[in-house]
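Right, one structure below, let's go through it.
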Amino acid sequence: MKELRSTVVYDDVAVEVNAAEAEAGHLWLTTDDLARATRFELKPQGVCRNSLCFPLPEARRQEFVRNGSSKTWFNLTAFADLVQQPMACENSADFSAWYFGLRSDQRQELASLQAPDFTLPDLDGKPHSLSDFRGKKVFLVTWASW
Amino acid sequence: MLYDELKGHNFEIITVAEDTRGVQDAGPWMTATALPMTAPVMSPPPAEKTRLTHTALIDQEHLVSKLYNMVNVPTGVWINEQGRIVRPNETAYVDDRLKHIHGLESAPYIAALRDWAEKGDKSAYVFSEERLRERLAPQDPNWSLAAAEFGLGEYLYKTGHLTEAIRHFKEAQRLNPESWNYKRQAWLLSDSKRDYGTTFREEVAKLAGKKYYPSRDLPGESG
């Protein structure tokens, strides 16, 4: 597979990886880079981050995992499709960047009427989460300078 | 101040600034005596520098808009003590500083907030579960793709790749034409006339009388 340096933006965090592209539009990462960029790890039970695990369809495992001579490669774009995660990419001569949006588990809360949690900084940089205010009524409102 | 008046009712206000450039753009508006929830584009930031008393957050990645499927500002959501949405996305002005532009009275909305603060889930302004499910139905899958394109555009902008960023901002706008957020945030980051062939003023003029904000679900306002 053709290898190239690429930036993966996952959960809005940008990480440089040594990516590979077997077919156009498919992004393969080593399992090390997968962990660094997404905090997901390939385990026997599936692709996991702490207690959150997504099993891989056994019949199609080769679409997701390939064993190289010294490394194991994981198809992050096929995984995105599996977990209904939108994706956008910019591949030019100088650089390559892949952006991964919200997965189905991150968006599901809206269907259950539960307000999705988030953590954001205040003017002093101190983080606050919506869940900090559980037990109170919260009027959440977005605004902008534009 | 509205927050000081209502906080005794087990009530919190969280304002979230959807500004890609964070403190640089939103900061000057976060020391006002009034909640920073208007679109200040046509007026200068307030001169007074009073410290805000409520929880005022900065959202450079537009995360809250993504999570809650918001398409404009200011958008309000009511969340009860159990963390459940009880009133979904709605234009939320709590003062009349820009009423001359958008035509919405803040008084009915403030009255609704007061009622909810006092009565909680028993307030008439709280939506029934059935009505909420209708309003929170699964969105157009293109909207999800739009969010990824917008997110990539923001990353490219922040790393100095403006030309590429504009391409993805445009794609986000194409996939979700209902989002004023995607349009207005992008227009701010470069020369909108040069890069998008338009300005906010021109786009509003194109509405030709159709309202910029949808009607709110409040007494006296039509659909």
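Computed from the coordinates by the stated procedures, all read-outs in this text should not be read as laboratory data. Note that the structure is a prediction, hence the values are computed from the model and not measured. As a convention, Cβ positions derive from the backbone with ideal geometry for all residues, glycine included, and neighbour counts pool all protein chains shown.
The protein assembly as shown has equivalent-ellipsoid semi-axes of 38, 24, 19 Å, by the square roots of 5 times the alpha carbon gyration tensor eigenvalues, sorted largest first. When each of the peptides A:44-55, B:6-17 is scored by the mean number of other C-beta atoms lying within 10 Å of its residues, the order from highest to lowest reads B:6-17, A:44-55. Listed peptides A:128-134, A:61-67 appear in the order A:128-134, A:61-67 once ranked by packing, highest mean of other Cβ atoms within 10 Å at the front.
By its C-alpha gyration tensor, with a ≥ b ≥ c as the square roots of the eigenvalues, how is the stretch A:1-90 shaped: rounded for a/c under 1.5, else prolate for a/b larger than b/c, else oblate? It is rounded, given that a/c, with a ≥ b ≥ c, falls under 1.5.
Placing unit charges on the Cβ atoms only, positive for Lys and Arg and negative for Asp and Glu, gives the stretch B:44-169 a dipole magnitude near 160 debye about its Cα centre.
Only beta bridges with both residues in the protein assembly as shown are counted; by DSSP, about 75 percent of them are antiparallel.
Take each peptide in B:155-162, B:188-195, count the other Cβ atoms within 10 Å of every residue, and average; sorted highest first, the result is B:155-162, B:188-195. Label zone of A:Phe95 (point 7 Å out along Cα→Cβ, amide N under 16 Å): in the stretch B:156-182 this covers B:156-169. Counts of other chain beta carbons within 10 angstrom of each beta carbon in peptide A:66-77 average 0.
Over the residues of the protein assembly as shown, the helix contribution to mean residue ellipticity at 222 nm works out to -8500 deg cm²/dmol, using -39500 (n - 2.57) for each DSSP H run of at least 4.
Of all lysines in the structure, the ones whose alpha carbon falls short of 29 Å from that of A:Lys71, not counting any fewer than 8 places away in one chain, are A:Lys2, A:Lys43.
Averaged over peptide B:152-162, the number of partner chain Cβ atoms lying within 10 Å of each residue's Cβ comes to 4. For the segment B:66-79, counting C-beta atoms of other chains within 10 Å of every residue's C-beta and taking the mean gives 5. Listed by chain and number, the lysines placed with their C-alpha closer than 26 angstrom to that of B:Lys170 are B:Lys66, B:Lys158, B:Lys183, B:Lys193, B:Lys206, B:Lys210, B:Lys211; residues fewer than eight positions away on the same chain are left out.
The Cα center of the stretch A:1-31 and the Cα center of the stretch B:181-223 differ in position by 37 Å. For chain B, the convex hull spanned by the alpha carbon atoms encloses 134 Å³ per residue.
For the stretch B:2-135, DSSP calls about 50 percent of its internal beta bridges antiparallel. Kirkwood radius, the stretch B:119-214, all distinct C-alpha pairs, inverse of mean reciprocal distance: 15.5 Å.
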